[in-house]
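S.K.: Sending over a structure as structure tokens; questions will come in a sec.
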Amino acid sequence: MMQQFMKELEQDPFDAEEFVERLAWRTIAETKNDGDEGELNPTLLHESFVQAIKDLTLLQERQQKKCEKLETAVREEEATFFQEIYTLLEQNKQAIGTFQELDSKINHVATKVLHLGDQLDSVNGPRSRVVDAQKMLTHMTEFLSADSPSSPIFTDPELIDEAADMIQKLYIISQDLPEGKFDSVIQKIERKYCDIEKKLIEEFVNAMSNNDLQKMKKIANTLSQFRGYSECIDAYIEQSQPESLTSKDVFGHLFSLCKYNNEIIQKVFKNPEQVMAKFVLNIYQLKLMEYIGQRLDSKLGSYNYLQTLFELYSKTNQLSNDLAVFNMGNDKNYLSKLTTNIFNKYLNDYILIETKCLKERCVTNLQKYYESKNHQKKPIQSGGFQDLRRDLQAVIGTRANINIAQIENYGGETFLSEELAVMVLQDTKHAFQRCQLVIIKKSFIHLLTSQEYVFPQLSRPKDRASNAAQILDRLINSLLIEHVDYAVELGLQAIPVEGSKSSPVLYFFKVIHLSNNILHLIEKQFTDLVVPMAENTPKYNECLQKKKMVLDDIERKIKTGQDRCINAISTWVRVYLQSEQKKSDFKPETDDFDTVSSPACRAVLNYLNAVIKEIRSNLDGNKVTQVLEELGIKLHKVIYDHILQFQYNTAGAMVVICDLNEYRACMKSMGPHVTDLFETLHALCNLLLVKPENLPQVCSEDSLGRLDRMVLQSFIQLRSDYKSQKQAFSRV
């Protein structure tokens with residue numbers, strides 16, 4: 001039991017209440033095992049608890065003894081460790097003292113060594129200078145006494161480094177000699193100076209051929225004291241750039257060439273920034289300028305010229321961007337200045353060539369398109385006089401029942417092409433891209449930088465908005481005015497004159513559809529390309545107003561065309577019903593007839609269904625709702641007036657209601673307002689059929705109760721029995 005208690009007491013966390021519960025349940029379980037299945041035995045439970053308390057007390061005493069033993073052992077170990085730490089501290093104090101004593105002795109010795117070194121230098125320095133002076137005087141004597149010096153350092157090629165050092169000193173001294181008496185000596189030293197300088201450059205070139213960087217560095221350091229050091233740099237640049245323009249990828253090859261030589265320049269020359277700047281300058285002013293001149297001075301058309309110019313300019317700027325990682329001095333605009341110097345003469349007349357090219361390509365594309373349609377563009381007469389002439393033709397034609405207007409619909413051809421629009425927009429897109437100022441974030445090449453790199457394209461920043469406005473002007477003239485506006489004008493003239501007997505064939509809705517598609521493309525290009533370049537400049541409002549003026553004019557003409565189409569449809573329906581609807585349709589002499597719509601109604605509905613389908617297939621959004629509602633309102637007026645022209649007996653009332661049901665079903669797609677109008681008209685037609693005694697009740701219902709009494713009376717008077725029962729009808 002003691003072991004059991006130990007296991008339970010060592011549980012983490014320990015719960016006293018749970019411990020007591022387990023003890024009680026074990027006691028109860030033992031009672032049941034002994035065969036006592038009766039009630040709880042409190043005596044046995046009490047004895048069990050008493051025994052458990054004794055066991056726990058005994059267990060506590062044992063554990064207390066163990067704790068005391070462990071505490072005693074820990075205190076003894078603590079005392080031992082304290083003693084050891086004290087001993088170590090004493091040893092550390094002794095070591096620190098010894099170290100300080102040693103450091104003091106070292107400083108004392110070092111002071112004596114430095115003093116001794118200074119004494120030796122004070123003795124050796126003058127001696128060395130005297131020796132050097134003696135050597136220089138010896139070599140100077142050779143130049144004074146002989147035509148050429150005969151010392152080994154000037155005759156042995158292996159001692160060229162010593163000769164270079166000596167001739168450099170002699171050359172400096174010779175510059176201070178008085179003229180006249182020492183002219184020959186000065187000339188001899190000058191010749192030897194030039195000979196050694198030339199030999200050093202030859203040695204440098206040979207070392208470069210052997211890729212001996214150590215020797216190149218040594219010679220470059222020596223030559224850095226000579227006048228011809230720049231010749232050494234020039235020799236390196238010349239030897240390191242052979243056939244640099246023969247690669248297919250010239251710009252990629254030039255970057256690799258610069259990267260490779262930058263590593264060598266950093267190892268060889270004392271002033272790598274200046275050498276690298278001169279290396280790049282040579283590439284730009286000689287190699288690139290020659291290559292770009294060859295590409296652009298060849299006989300190219302304006303379009304190919306612009307493409308080539310844009311390609312070369314972009315690649316040159318990209319190369320400059322890539323080369324910016326190399327240290328070429330403190331001038332951050334060094335590379336951009338080199339690029340500007342190359343392209344200045346090409347950029348001055350860029351926009352003239354750009355707009356000329358756009359005009360030529362647009363004219364060519366438009367001409368090819370109209371030739372493919374066998375169409376010769378003609379001047380368009382528009383405005384008030386043309387509209388007045390059309391209206392007079394419509395009035396005269398309707399009243400005289402003749403068609404005096406010659407309408408040419410070109411066989412349904414719209415003379416609008418989305419493919420042509422895409423071609424023109426693609427050309428202007430390329431023009432805008434060539435004009436645009438591109439900002440490129442740091443790339444993988446510039447991981448060590450955090451700046452943005454600006455690539456000025458073919459337009460200078462100050463001319464960018466103005467050039468964009470000129471390109472937009474060319475786009476508006478070529479695509480909007482010369483193509484879309486022209487097609488809309490032709491479409492307007494092709495709309496049948498109102499009052500024609502034959503059902504009008506309308507192609508203008510297709511013109512609207514195609515023109516809207518093209519206008520959306522132009523708006524998108526304006527937003528994507530023109531706005532970023534012209535925004536926040538005076539040219540922005542100018543561009544916006546020019547575009548808005550032309551688009552508003554086109555929209556006005558499209559609205560005029562929509563109105564003409566609606567009028568042509570409604571007028572034809574009116575004329576057709578007047579000519580084809582018979583009085584006998586609504587006043588049959590016998591009751592033996594079919595309750596179906598009249599033939600005139602069916603013909604009109606067939607035409608209207610085709611018109612509605614045409615409108616829905618070519619218009620979208622709010623325009624569909626707007627046009628259909630306008631058409632529905634006009635048709636309601638036509639049918640309303642048409643119904644008022646007849647008298648109806650009971651059978652005829654059934655026929656007109658059948659007609660109206662068909663009209664109403666057709667007009668449901670024209671909006672809720674039109675539906676309400678035809679619902680009301682249907683309720684009015686029911687007055688033709690209702691018994692006279694029920695008319696007051698029907699007229700007071702919601703659909704008719706809000707109408708004017710004169711309207712109700714006008715329909716009631718259409719009944720064939722109106723005169724015979726006029727007194728009964730007058731109570732309505």
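S.K.: Among the residues in region 550-564, are any part of a loop (DSSP other than H, G, I, E, B) and of a type in the set (S, T, Y)?
M.R.: no
S.K.: Still on this model: Within the group R602, R556, which residue is of a type outside the set (S, T, N, Q) and either surrounded by 19 or more Cβ atoms within 10 Å (Cβ to Cβ) or farther than 28 Å from L644 by Cβ (or both)?
M.R.: R556
S.K.: All but one of (1) among the β-branched types (V, I, T); (2) crowded, with 21+ Cβ neighbours inside 10 Å; (3) in a helix (DSSP H, G or I) hold for T527; which doesn't?
M.R.: If we test T527 against (1) among the β-branched types (V, I, T); (2) crowded, with 21+ Cβ neighbours inside 10 Å; (3) in a helix (DSSP H, G or I), just (2) comes out false.
S.K.: Part of a loop (DSSP other than H, G, I, E, B) and crowded, with 19+ Cβ neighbours inside 10 Å - does that describe any residue in region 697-718?
M.R.: Yes: region 697-718 contains one or more residues that are part of a loop (DSSP other than H, G, I, E, B) and crowded, with 19+ Cβ neighbours inside 10 Å.
S.K.: Still on this structure, please answer the following. When both residues are 6+ apart or on different chains and their Cβ atoms are under 7 Å apart, which pairs have a first residue that lies in region 260-271 and is among the hydrophobic types (A, V, I, L, M, F, W, C), and a second that is outside any helix (DSSP H, G or I) and modelled with pLDDT of 90 or more?
M.R.: Pairs found: none.
S.K.: Let me ask something additional. Can you tell me which of (1) assigned to a helix (DSSP H, G or I); (2) within 50 Å of the chain's Cα centre (by Cα); (3) among the polar types (S, T, N, Q) is the one N206 doesn't meet?
M.R.: Just one mismatch for N206, condition (2).
S.K.: Here is a list: L544, L521. Which entry is aliphatic (A, V, I, L, M), farther than 24 Å from T414 by Cα, open to solvent by 30 Å² or more (accessible area, probe 1.4 Å) and modelled with pLDDT of 90 or more?
M.R.: Unique residue meeting the criteria: L544.
S.K.: Could you list, in sequence order, all residues of region 296-311 that are part of a helix (DSSP H, G or I) and exposed (fewer than 15 other Cβ atoms within 10 Å of the Cβ)?
M.R.: Correct list: D297, N304, E311.
S.K.: Right, something else. Open to solvent by 20 Å² or more (accessible area, probe 1.4 Å) and either part of a loop (DSSP other than H, G, I, E, B) or of a type in the set (S, T, Y) (or both) - does that describe any residue in region 656-667?
M.R.: No: zero hits.
S.K.: One residue is enough: does region 314-330 have a residue meeting the conditions surrounded by 15 or more Cβ atoms within 10 Å (Cβ to Cβ), basic (K, R) and in a helix (DSSP H, G or I)?
M.R.: For region 314-330, residues surrounded by 15 or more Cβ atoms within 10 Å (Cβ to Cβ), basic (K, R) and in a helix (DSSP H, G or I): present.
S.K.: A further question on this structure: Which of (1) open to solvent by 80 Å² or more (accessible area, probe 1.4 Å); (2) farther than 30 Å from G301 by Cα is the odd one out, the single condition K337 does not satisfy?
M.R.: So K337 meets the others, but not (2).
S.K.: What is the residue count in region 218-232 for residues that are surrounded by fewer than 16 Cβ atoms within 10 Å (Cβ to Cβ) and among the basic types (K, R)?
M.R.: Result for region 218-232: 1.
Conditions (1) touching a Phe, Trp or Tyr at 6+ places or on another chain (Cβ under 8 Å); (2) surrounded by fewer than 17 Cβ atoms within 10 Å (Cβ to Cβ); (3) at pLDDT 85 or above; (4) of a type in the set (A, V, I, L, M, F, W, C), marked per residue:
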{"residue": "Y410", "(1), (2), (3), (4)": "no, yes, no, no"}
{"residue": "T414", "(1), (2), (3), (4)": "yes, no, yes, no"}
{"residue": "C435", "(1), (2), (3), (4)": "no, no, no, yes"}
{"residue": "Q451", "(1), (2), (3), (4)": "no, yes, no, no"}
{"residue": "P461", "(1), (2), (3), (4)": "no, yes, no, no"}
{"residue": "L472", "(1), (2), (3), (4)": "yes, no, yes, yes"}
{"residue": "L475", "(1), (2), (3), (4)": "no, no, yes, yes"}
{"residue": "E489", "(1), (2), (3), (4)": "no, no, yes, no"}
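S.K.: Can you tell me which condition S515 does not meet? The list is (1) over 51 Å from the mean Cα position of the chain (by Cα); (2) farther than 19 Å from L631 by Cβ; (3) polar (S, T, N, Q), and all the others hold.
M.R.: Of everything listed in (1) over 51 Å from the mean Cα position of the chain (by Cα); (2) farther than 19 Å from L631 by Cβ; (3) polar (S, T, N, Q), S515 misses just condition (1).
S.K.: Exactly one condition in (1) touching a residue at least 60 places away in the same chain (Cβ under 8 Å); (2) open to solvent by 50 Å² or more (accessible area, probe 1.4 Å); (3) more than 30 Å from N649 (Cα to Cα) is not met by A568; state its number.
M.R.: So the condition that A568 fails would be (2).
S.K.: Something else now. Is it true that M654 is in contact with a Gly (Cβ under 9 Å, 6 or more places away or on another chain) and within 18 Å of S598 (Cα to Cα)?
M.R.: No: the conditions fail for M654.
The values are calculated or read from the model by the stated rules, or taken from the named source; none is laboratory data. In this text the structure is predicted, and so the values were computed from the model without any measurement. Note: ideal-geometry Cβ built from the backbone for every residue, glycine included; neighbour counts use all protein chains shown. All accessible areas refer to the heavy atoms of the entire protein, side chains included, with ligands and DNA or RNA removed. Shrake-Rupley method; radii C 1.70, N 1.55, O 1.52, S 1.80 Å.
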